[in-house]
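Read the figures in this text as sums done on the coordinates, not as results from a lab. Just so you know, these numbers come straight off a predicted model, no measurement behind them. FYI the Cβ positions are ideal-geometry reconstructions off the backbone, even for glycines, and counts take in every protein chain you see.
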Amino acid sequence: MNLGVDTPRAAIVAIDCHRGHLDPSVATMPVAAEVADRVVAANKRLMDAARARGIPVIHIVTRYRDAEEIRVNPFWRTRAEDPNATRKNVLRHNLDGMPGCTIMPALHDPADRIVDTKKRYDCFLATDLEFHLRAHGINTLILTGVNTNSCVLATTTAANVRDFAVIVATDCVDTMDGPEAHEAGLLCIRAAFGWTLTTDEILALDLSGPATA
């Protein structure tokens, strides 16, 4: 499969695979429980296989100092005022010190890298993600996590315009906004920004070209 790069050097970028979305006991903006179970299991399978091949795993975690860092976004402010919105809890989502800021234990390996300053859908915005990727020779991103139609879509777009090759692992992403939003997000991605492949399809590729340690 031609990914448009001479020698693919891949990393998994796991977006918000934290308890704030995936642990029903503490999540402030949860996906459905059955979705969480499936996403965690699929991510674990992909991450374990990637680590065995020397492909690094980078966890991106949303974390806010206080609610004002959230509330400054005009649209999010309106979601907090709508009791029917999926993002109605946005002003109390993943504030510093909350258990939701913790990566799901099944997905965290001590060798993984963590970027925990994400505050908007785009994982590159106001984080050092790009610096880390460039420093380690990464040119191909395998995106996983939550939500397909917001953070995954926004990060795919941001990675594309920064000239990374982008693959979204379709079985490793989902959304609290329902299956139609999930499919719409994937449709937008495959139309203009990157590839959408299953874990089996990803593992069939040679993505472990040498990168700096």
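Rounded to the nearest 500, what is the 222 nm mean residue ellipticity of the chain from helices alone, with -39500 (n - 2.57) per DSSP H run of 4+ residues and division by all residues? The helix-only estimate for the chain comes to -9000 deg cm²/dmol at 222 nm. Neighbours of Asn160, meaning other residues whose beta-carbon lies under 14 angstrom from its beta-carbon, give a summed charge of -1 when Lys and Arg score +1 and Asp and Glu score -1.
Were the residues from Glu34 through Thr102 laid out at 0.36 nm apart, the gain over their Cα-Cα distance would be 22.5 nm. The stretch between Leu3 and Glu130, if pulled fully straight at 0.36 nm per residue, gains 43.8 nm over its current Cα-Cα span. Within the chain, what's the longest run with no trypsin sites (Lys or Arg not before Pro) in a DSSP loop and at most 14 other beta-carbon atoms within 10 Å? Give the range, please. The answer is 66-161.
Report, for region 10-203, the % of DSSP beta bridges that are antiparallel, rounded to 5. DSSP beta bridges in region 10-203 are roughly 5 percent antiparallel.
Between the alpha-carbon centres of region 148-213 and region 101-128 there is a gap of 17 Å. Within the shell defined by Cβ-Cβ distances under 14 Å, the residues around Cys123 carry a net charge of +1, with Lys and Arg each +1 and Asp and Glu each -1.
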